[in-house]
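Engineer: Quick one: the structure is below, and I'll ask about it shortly.
No lab work stands behind these numbers, since they all come straight from the coordinates. This one's a predicted model, so the numbers in the text were calculated from it and none came from an experiment. Neighbour counts are summed over all protein chains in view; Cβ atoms, including those assigned to glycine, are modelled from backbone coordinates with ideal geometry.
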Amino acid sequence: MKKKHRQILKIGFLTLLVLLLIAGCGKSSSQPAGESNTPPAQGKAPLFAYVGANLKDPVSELAQVYEQRTGVKVELTFNNAGSLLNQLETTKKGDIYMPGGMPFVETAKQKGCIAEMVGPIAYHTPVIITPKGNPAKISKVQDLARPGLKLVIPDKEATAIGKTVFKTFDKLGITGEIEKNALTYVETPAKVIATLGMGQGDAGIVEYSNTYQNLDKLDVVEIDPSVNIVDQIPCTMLSYSDQQEQAKNFLEFMKEEGPAVFKKYGFKTEA
């Protein structure tokens, strides 16, 4: 009887051991919550875009919409147009160049950097700004040549708007007087506004879109269209893009969707 009882206990113990081993094997093969045995799908490679600092708001929105529609992320780097051109020339990498003005695009073309272009997406329109109340009583661009004025101007070598407005100064024959009056040259239109906001300078030059959120702090003097030089804002694909089909797709997207978004941020979309 005792022998039979020991056999029953032994069988029970072995059965329990087998059950524990089975449970242990099942646990070791299970996945943590939220994970799957299926390998994750490979994401689409991102595009890389060099974008003029003054275009940050509309292009950021457009890049976000493009990613939502296509699943392709557009990585953006912002700087003045001249710095961007130097960067892409040095690295010879990237897919999109959108500097905010044709002069830099033409230079990039001459260097063999541009494969394709669409646009204009919008226009860069120079305007004069002054501190609120316009204490220097500036009414036209020729007034900027008056002796003794202190001007804050975007750098003509680094910025699209600087290059454009100096064409107007050259056209009117006042470049020498403007340069004498230049208090400082800055890298972006935003810095023009900031400098005037600190009480430095009688007037400055910015792009029309820079004024729409700052009308409480400054006055705007539009330049006579008969003398003002308005520049196109294109979007280009770089010749060394390794994703040319996707980059072309982005250009088409910018051509179709870009103008409405740029207009929302205060840019002019008609010449």
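Engineer: Which GluC sites (Glu not before Pro) in the stretch 177-271 sit in a loop by DSSP (not H, G, I, E or B) and have at most 11 other Cβ atoms within 10 Å of their own Cβ? Don't jump to the answer; show the numbers that get you there.
Structural biologist: Working: sites: Glu177, Glu179, Glu187, Glu207, Glu222, Glu245, Glu252, Glu256, Glu257, Glu270; in loops: Glu187, Glu270.
Counting only loop positions with at most 11 other Cβ atoms within 10 Å, the GluC sites (Glu not before Pro) in the stretch 177-271 are Glu270.
Engineer: Report, by chain and number, residues whose modeled amide H sits under 5 Å from the one on Asp219, excluding near sequence neighbours (fewer than 5 apart, same chain).
Structural biologist: Under 5 Å from the amide H of Asp219: Thr130, Lys132, Gly133, Asn134.
Engineer: Which far-off residues, 5 or more places away or on another chain, put their amide H under 5 Å from the one on Gln232, with H placed in the peptide plane?
Structural biologist: Met102, His124
Engineer: Next question, about the same structure. Equivalent ellipsoid semi-axes for the stretch 39-107, as square roots of 5 times the alpha carbon gyration tensor eigenvalues: give them largest first, rounded to whole Å.
Structural biologist: Values: eigenvalues 121, 43, 14 Å².
One finds semi-axes of 25, 15, 8 Å for the stretch 39-107.
Engineer: Going by C-beta contacts inside 10 Å, put Val141, Val221 in order with the fewest on the left.
Structural biologist: Details: Val141 25, Val221 16.
Ranked by crowding around the Cβ, least crowded first: Val221, Val141.
Engineer: So, one more: If neighbour count is taken as other Cβ atoms inside 10 Å, put Thr188, Thr159 in order from fewest to most. Walk me through the intermediate numbers first.
Structural biologist: Values: Thr188 25, Thr159 33.
Ordered by Cβ neighbours within 10 Å, fewest first: Thr188, Thr159.
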